[in-house]
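Shown next, in structure tokens, is the structure this report addresses.
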């Protein structure tokens with residue numbers, strides 16, 4: 001059965017040895033590595049392998065530029081698997097998941113799901129009743145599977161369509 005593996009991955013336990021922790025400025029090199037490699041290797045359906053689009057998308061993902069994230073009010077979280085940074089997520093003060101990327105070698109192991117759950121908890125703790133994000137084409141099915149919903153027409157970011165999404169953070173009773 002072709003779909004059986006996908007179903008088992010969707011409901012699999014998180015990877016053993018996974019730690020979700022807050023990032024600090026000393027993590028910018030690992031963050032950059034994860035963000036850039038994820039965009040280049042996992043988001044091909046978005047950038048189509050076009051080097052100019054990839055360069056535009058990753059231009060603000062250098063260690064030097066990532067340092068600015070720590071002064072902009074973002075809460076940045078890392079997924080660390082067996083001592084290696086395998087995912088990066090961030091929430092902005094206004095209730096937006098601004099970043100969620102997983103390293104190519106760590107994809108489909110529950111890391112993105114665990115990191116997203118941490119970001120959603122952060123937003124709840126910050127008093128947000130609803131979360132927002134703009135998804136890539138690649139990540140949109142993942143977010144839909146995690147209870148997110150489309151929230152408008154695609155908008156351009158880095159010359160690519162981004163898909164606005166929302167999720168209520170109130171648990172259903």
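Given their separation in residues at 0.36 nm each and the Cα-Cα distance between them, residue 129 and residue 25 gain 34.6 nm when the chain is fully extended.
Calculated mean residue ellipticity, 222 nm, the chain: -9500 deg cm²/dmol, from DSSP H runs (n ≥ 4) at -39500 (n - 2.57) each, averaged per residue and rounded to 500.
Ranked highest first by average number of other Cβ atoms within 10 Å, how do 135-146, 58-69, 100-111 line up? Walk me through the intermediate numbers first.
Values: 135-146: 17.1, 58-69: 14.9, 100-111: 19.6.
Sorting 135-146, 58-69, 100-111 by mean packing, highest first, produces 100-111, 135-146, 58-69.
Projected onto planes of every orientation and averaged, the convex hull of the alpha-carbon atoms in the chain covers 10.9 nm².
Going highest first, how would you order 71-78, 29-36 by mean Cβ packing within 10 Å? Could the numbers behind the result be given before it?
On the way: 71-78: 16.8, 29-36: 18.8.
So the peptides 71-78, 29-36, ranked by packing, come out 29-36, 71-78.
Looking at the chain, send over the antiparallel percent of its DSSP beta bridges, to the nearest 5.
Working: 29 of 30 bridges.
Counting DSSP beta bridges with both partners in the chain, the antiparallel share is about 95 percent.
Any chance you could check the Cα centroid distance between the stretch 41-63 and the stretch 104-153 for me, in angstrom? For the stretch 41-63 versus the stretch 104-153, the Cα centre distance is 20 Å.
Throughout, read-outs are computed from the coordinates displayed, never taken from laboratory work. Just so it is clear, the structure is predicted and the values come from calculations on it, not from any experiment. We place every Cβ from the backbone using ideal geometry, glycine too, and count neighbours over all the protein chains shown.
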